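The values are calculated or read from the model by the stated rules, or taken from the named source; none is laboratory data. Every value quoted in this text rests on a predicted model; they were computed, and no experiment measured them. Ideal geometry is used to build each Cβ from the backbone, glycine not excepted, and the neighbour counts take in all protein chains shown.
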Amino acid sequence: MFSAPVITTPRLRLRQHVASDLELLCDLFETARSHHMGGPIPRKQAWRWMASEIAMWDLMGHGAWGIETQTGMFLGQIGILQPPHFPEREIGWTLLEHAESKGYATEAAMAALAWGWEQDFPTLVSYIAPQNTLSIALAKRLGAVHDPDAALPEGETSADTIVYRHSPDADGSSEAYA
């Protein structure tokens, strides 16, 4: 069984999800705050979605991490994911409301990108709802560039999703994130 590697940063730990993470994320997905992530969706559907992202570690060697502070407070999720309907590997993130606007998403994403570059992924994308200005700003902070020619997830259009491309050249070498 392959599990998520633990990655530490000065303030955070990216680690394998635990059941209590899913409960908090399911709570989020039942609210209007999840509208940029395909929500709100029923708890049962959210649980299955997140469980599949965790299972990707076993099946594909990448997947979702829980994000927590060094003191153990759960903040959200970050992952390098490629479900069957995604044409490319995506780095995606979601934070609980109490964790927003504190730099946690940037710190976690930089660590996840560094891990991805260490795996020799040549590129990663972020599929973002066009109205999700916070995620677009984060993608740009990370050095990603809008890629209007990139393939979209199956069933989505440019009205639903825009693509930001991350690459080691734009984001820096893995040493930049160490």
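Brief remarks on what is shown
- For the range 40-56, the candidate set comprises residues that are touching a strand residue (DSSP E or B) at 6+ places or on another chain (Cβ under 8 Å) and not β-branched (Val, Ile, Thr); within that set, the residue that is nearest to LEU95 (Cα to Cα) is MET50.
- Any hit, the range 19-33, residues being in a loop (DSSP other than H, G, I, E, B), of a type in the set (Gly, Ala, Ser) and modelled with pLDDT of 85 or more: no
- In the range 123-144, the residue that is surrounded by the most Cβ atoms within 10 Å (Cβ to Cβ) out of those that are in contact with a strand residue (DSSP E or B) (Cβ under 8 Å, 6 or more places away or on another chain) and closer than 19 Å to PRO10 by Cβ is LEU142.
- Across the range 77-111, the number of residues qualifying as more than 15 Å from LEU12 (Cβ to Cβ) and in contact with a Pro (Cβ under 8 Å, 6 or more places away or on another chain) comes to 3.
- Residue ID - surrounded by the most Cβ atoms within 10 Å (Cβ to Cβ), chosen from residues in the range 57-103 that are under 21 Å from THR133 (Cα atoms) and among the small types (Gly, Ala, Ser): GLY79
- Residues satisfying the stated conditions in the range 89-131, i.e. more than 15 Å from the chain's Cα centre (by Cα), closer than 26 Å to GLY155 by Cβ and touching a residue at least 40 places away in the same chain (Cβ under 8 Å): PHE121, PRO122, GLN131
- Restricting the range 124-174 to residues that are among the acidic types (Asp, Glu) and over 25 Å from SER101 (Cα atoms), the residue that is modelled with the lowest pLDDT: ASP169
- The listed residue being surrounded by fewer than 21 Cβ atoms within 10 Å (Cβ to Cβ) and under 17 Å from ILE162 (Cα atoms), out of ASP147, ASP120: ASP147
- Odd one out for PHE86, checked against (1) aromatic (Phe, Trp, Tyr); (2) in contact (Cβ under 8 Å) with a residue 60 or more places away in the chain; (3) touching a Ser or Thr at 6+ places or on another chain (Cβ under 8 Å): (3)
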